[in-house]
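Written below as structure tokens is the structure these notes are about.
The values are calculated or read from the model by the stated rules, or taken from the named source; none is laboratory data. Bear in mind the structure is a predicted one, so any value in this text is a computation, not a measurement. Here the Cβ positions follow ideal geometry from the backbone for every residue, glycine too, while neighbour counts run over all protein chains shown. Heads up: the accessible areas ignore ligands, DNA and RNA and are worked out on the full protein's heavy atoms, side chains in. Shrake-Rupley method; radii C 1.70, N 1.55, O 1.52, S 1.80 Å.
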Amino acid sequence: MTEDARFEDGGEAPLRLKALDAEDLAVLAALVQDAVFPAAEMKWDRKARRFAILLNRFRWEDADKAALRKRDYERVQAVLMIEDVQAVKSQGVDPRDADMVYSLLSMAFTAGEDGTGRIELTLAGDGAVAIDVEALEVVLRDVTRPYVAPSKKAPDHNL
């Protein structure tokens, strides 16, 4: 896992992490839990063998500090990029419905026998995306500065 350089003006460093094994992917999964994204921001480039999502993620890595200091919770736009993609299958997802917004619940990796594997994205509302990969390489990179979450609250799974 690596962290990228600081913003040009010397502000807080944007998050940039790379997952090369299932344990690393579990860390990324925790950081993108409850991220939201419109269908139009989910792309599979077959020629480049890359699957990417521009998502709006809650800054889980800062949540405890925000609660302790009684300050507003933050979100940030980030890119989740999966390399060496062989195939993408989805269920309950229509990438052509540009108005549909999805919420990412979990992300997990299942290794194949030959070094290949499958990354499974579970979405709210019974949606799922299965991404077959030649090797596990996933990058999460923040692309904007953090901003106050509109609700000013952390996501809550209690009903």
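Anything in region 125-138 that is open to solvent by less than 50 Å² (accessible area, probe 1.4 Å) and either part of a loop (DSSP other than H, G, I, E, B) or under 20 Å from V27 (Cβ atoms) (or both)? List them, or say none. Full working, then the answer.
As a first pass, look at region 125-138 and keep what is open to solvent by less than 50 Å² (accessible area, probe 1.4 Å): 127-133, 135-136, 138.
Scanning region 125-138 gives V129, I131, V133, A135, L136, V138.
Confirm whether L105 is open to solvent by 70 Å² or more (accessible area, probe 1.4 Å), hydrophobic (A, V, I, L, M, F, W, C) and either over 18 Å from A19 (Cβ atoms) or not in a helix (DSSP H, G or I) (or both).
So L105 passes the test.
Kindly indicate which of R118, R96, R141 is open to solvent by 50 Å² or more (accessible area, probe 1.4 Å), assigned to a loop (DSSP other than H, G, I, E, B) and either free of Cβ contacts under 8 Å to residues at least 24 places away in the same chain or among the basic types (K, R) (or both). Don't jump to the end; show me each part of the working.
On the way: R118 fails: assigned to a loop (DSSP other than H, G, I, E, B); R141 fails: assigned to a loop (DSSP other than H, G, I, E, B).
Just one listed residue meets the conditions, R96.
Quick check on region 77-93: of everything there that is part of a strand (DSSP E or B) and without any contact (Cβ under 8 Å) to a residue 60 or more places away in the chain, which residue is surrounded by the most Cβ atoms within 10 Å (Cβ to Cβ)? Explain how you work it out, then say what you get.
Looking only at region 77-93, we keep the residues that are part of a strand (DSSP E or B), and these are 77-82, 85-91.
Filter once more, keeping what is without any contact (Cβ under 8 Å) to a residue 60 or more places away in the chain: 82, 85-91.
Values: I82: 24, V85: 21, Q86: 12, A87: 12, V88: 19, K89: 11, S90: 16, Q91: 10.
Selected residue: I82.
Looking only at residues that are of a type in the set (D, E) and within 15 Å of the chain's Cα centre (by Cα) in region 117-159, which one is modelled with the highest pLDDT?
Taking the candidates together, the pick is E120.
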